[in-house]
Amino acid sequence: MTVSLLYHLLSFWFTLIGAFAWHLLATRKSRGDSFFGVRVEAGFEDSETGSRILGQFRMRLWSLTALAAVAAEFLGAAGIGTGILLSFLAGGLVFAQAHRMTLRLAPAQPAPVVRRASIAVEPEESSSWLGILDALAMIVPPVIPAIAVAAALNRGSGDRALWFFLVFALFLGIMCAANQWALRFRARSTDWALSQNDSRRFRTYLGVMFSLIFTAPIGMISLIALLPDPVVFFATFLPLEVLLLFVVWRIRFWLTKHLDPRSIDPMPDSCWKWGWYYCNPSDPALVVPLRTGVGHSFNCGHPGVKAAFAIVTTLTVVSLAVTTVLSSQLAH
Amino acid sequence: MPPLQIQLDVSSEVPAGRQIVDQLRMLVMDRVLHPGDQLAPVRQLALDLGIHFNTVAEAYRTLAQEGFLEIVHGRGARVVERGSIPAATPEVAQDFRRRLRELVAGVRSQGLSTAKVAGELRGLAASLEKL
């Protein structure tokens with residue numbers, strides 16, 4: 001009974017996380033003079049039209065999330081995953097709607113025709129700890145599920161559903177590492193902050209924050225493998241989750257405080273699809289900061305990113321499908 | 001524009017690589033960049049300008065062939081002291097005169113006053129004499 005209640009609470013909480021993420025993303029603090037991914041004239045976000053777009057976005061976001069949370073409660077074992085998926089999808093659609101409204105209602109602002117770049121190498125600050133953080137964010141997320149895989153192997157577990165989840169967690173960990181690598185080595189320095197050192201620091205913290213966020217589901221899946229008893233699992237997982245959320249909140253606070261509103265990517269608005277994902281095949285950058293709020297988008301026009309997404313999607317769909325089929329067979 | 005930045009005009013008909021070569025050459029000739037100065041890595045410059053890596057690499061190679069840069073694999077590009085430059089042929093001076101007149105005619109046709117053009121040329125001459 002207690003486990004069931006905790007499970008429902010967890011499902012509800014995860015569904016809300018998606019909406020929280022979108023809510024925070026649509027903050028008034030944006031890069032350059034931009035609003036929902038569109039270049040606008042200064043002060044548009046505080047205008048009557050801007051406030052109306054933001055208000056409608058929030059109202060629609062939370063209404064749809066409430067529906068998603070209720071739907072997830074009736075889906076049993078698949079509730080957590082479906083809840084997260086539905087809330088993120090709803091947020092993305094509502095954000096796209098706000099993006100389109102901004103494009104229609106805000107006076108068009110042209111993209112700059114002149115791009116600037118520093119030709120000199122800015123001496124790096126004594127920041128070996130940034131390098132350590134980069135390395136940790138690249139190593140820890142794939143290592144946790146790898147340990148769980150080793151533990152499951154050692155125990156000779158025959159639970160095929162668990163194996164698929166572990167493979168999925170391992171892949172998620174590898175993606176976290178790739179994300180940190182892209183932020184460190186394949187990002188434009190001028191988009192994130194006006195100085196190279198500030199940009200480097202911002203990108204490292206951003207990557208660490210995302211690694212921590214993804215470490216939560218990775219850790220959860222891994223703990224299921226290591227601690228099969230549900231009571232021990234919840235007793236271990238929930239305090240860890242609270243601690244993790246606190247650290248993520250602190251990093252996000254720092255990032256919001258240090259987001260330089262003068263820095264923005266030099267590309268036209270048409271590169272931002274739905275206002276939140278970037279697609280520009282002629283741009284060598286793999287990651288670009290979101291124009292609104294704290295976050296980043298992969299360059300979906302880059303061949304490397306396309307290949308990575310294809311692999312992740314295929315593995316996710318296959319692992320989820322097989323897991324669902326196996327779960328239903330076990331239930332019978 | 002801060003002196004150690006280059007800019008790329010994406011609306012210009014001049015190719016991106018050529019714009020980089022012209023500006024870097026100008027920075028070296030004007031002694032803004034000195035022998036020994038390390039340049040931004042190809043990858044970083046390409047990322048910041050939003051152009052292909054090969055375009056920047058080709059621009060660096062062109063400048064290396066002209067004797068402005070030294071490219072060492074794994075250590076990037078740095079400005080070097082050019083050796084003795086052979087005296088220009090009369091054709092070079094003639095070509096320079098022609099291009100200068102074309103340029104002046106072009107900006108005058110766009111409305112820049114004769115006095116302003118003369119002032120700019122005097123300023124350029126004064127800065128050249130200081131070199």
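Annotations
- Efficiency of FRET between residue A:48 and residue B:104 - r from beta-carbon atoms, R0 30 angstrom, step 0.05: 0.05
- On Cα atoms only, tilt of A:2-25 relative to the major axis of chain A in degrees: 10
- Residue A:262-residue A:227 FRET efficiency (beta carbon distance; Förster radius 51 Å; 0.05 resolution): 0.60
- Rg/Rh (Cα only; Kirkwood hydrodynamic radius) as it applies to the stretch B:90-129: 1.03
- Loop-located chymotrypsin sites (Phe, Trp or Tyr not before Pro) in the stretch A:184-239, at most 14 other Cβ atoms within 10 Å (DSSP): none
- Cα centroid separation, the stretch A:278-319 to the stretch A:67-121: 14 Å.
- Comparing A:311, A:218, A:139 in a Gaussian network model of chain A where C-alpha atoms under 10 Å apart are linked, the largest mean-square fluctuation is found at A:311.
- Charge dipole (the protein assembly as shown, unit charges on Cβ, about Cα centre) - positive-most of A:293, B:7, A:307: B:7
- Net lengthening on full extension, residue A:139/residue A:244 (0.36 nm per residue, minus Cα-Cα): 36.1 nm
- Under the Karplus curve 6.51 cos²θ - 1.76 cosθ + 1.60, θ = phi - 60°, whole-Hz ³J(HN,Hα) for the stretch A:255-263, x wherever Gly or Pro sits: 5, 5, 5, 9, 5, 7, x, 8, 8
- Within the listed set B:41, B:86, B:15, the residue fluctuating most in the Gaussian network model of chain B (springs between alpha-carbon atoms under 10 angstrom) is B:86.
- Neighbour-count ranking [beta-carbon atoms within 10 angstrom, fewest first] of B:84, A:282, A:34: B:84, A:282, A:34
- 10 Å Cβ neighbours from other chains, averaged over peptide B:37-45: 4
- Inverse mean reciprocal Cα-Cα distance (Kirkwood Rh) of the protein assembly as shown, Å: 25.7
- Around the amide H of residue B:5, modelled in the peptide plane, lie the amide H atoms of A:119, all under 5 Å away and 5 or more residues distant in sequence or on another chain.
- Split chain B at each of the trypsin sites (Lys or Arg not before Pro) in a DSSP loop with at most 14 other beta carbon atoms within 10 Å, and the longest piece is B:83-131.
- Take each residue in B:5-17, count the other chain C-beta atoms within 10 Å of its C-beta, and the mean is 3.
- Proportion of all alpha-carbon pairs of the stretch A:93-201 beyond 18 Å (%): 69
- Residue with peak Gaussian network fluctuation, chain B [Cα springs, cutoff 10 Å], from B:62, B:114, B:89: B:89
- The stretch B:8-111: GluC sites (Glu not before Pro) falling in loop per DSSP and having at most 10 other Cβ within 10 Å: B:13, B:81
- Förster-model FRET efficiency, 25 Å R0, residue A:73 and residue A:324, C-beta, rounded to 0.05: 0.90
- Computed from backbone phi, the HN-Hα couplings of the stretch B:115-131 come to 4, 5, 4, 4, x, 4, 5, 5, x, 5, 4, 5, 5, 5, 5, 6, 5 Hz, rounded to whole numbers (Karplus: 6.51 cos²θ - 1.76 cosθ + 1.60, θ = phi - 60°; Gly and Pro given as x).
- Couplings 3J(HN,Hα) of the stretch B:91-96, computed from phi: 5, 5, 5, 5, 5, 4 Hz, in residue order, whole Hz [Karplus 6.51 cos²θ - 1.76 cosθ + 1.60, θ = phi - 60°; x for Gly and Pro].
- The stretch A:132-216: trypsin sites (Lys or Arg not before Pro) falling in loop per DSSP and having at most 15 other Cβ within 10 Å: none
- Each Lys and Arg adds +1 at its Cβ and each Asp and Glu adds -1 at its Cβ; summed about the Cα centre, the protein assembly as shown shows a dipole of about 460 debye.
- Placing dummy labels 7 Å off each Cα toward the beta-carbon, the span from residue B:7 to residue A:314 is 4.7 nm.
- Selected from B:125, B:71, B:21, residue furthest toward positive end of dipole (chain B; charges at beta carbon): B:125
Each value in this text was obtained by applying a stated rule to the coordinates, not by laboratory testing. On a predicted model such as this, the values are computed, not experimentally measured, just so you know. Glycine also receives a Cβ, built like all others from the backbone with ideal geometry; neighbour counts cover every protein chain displayed.
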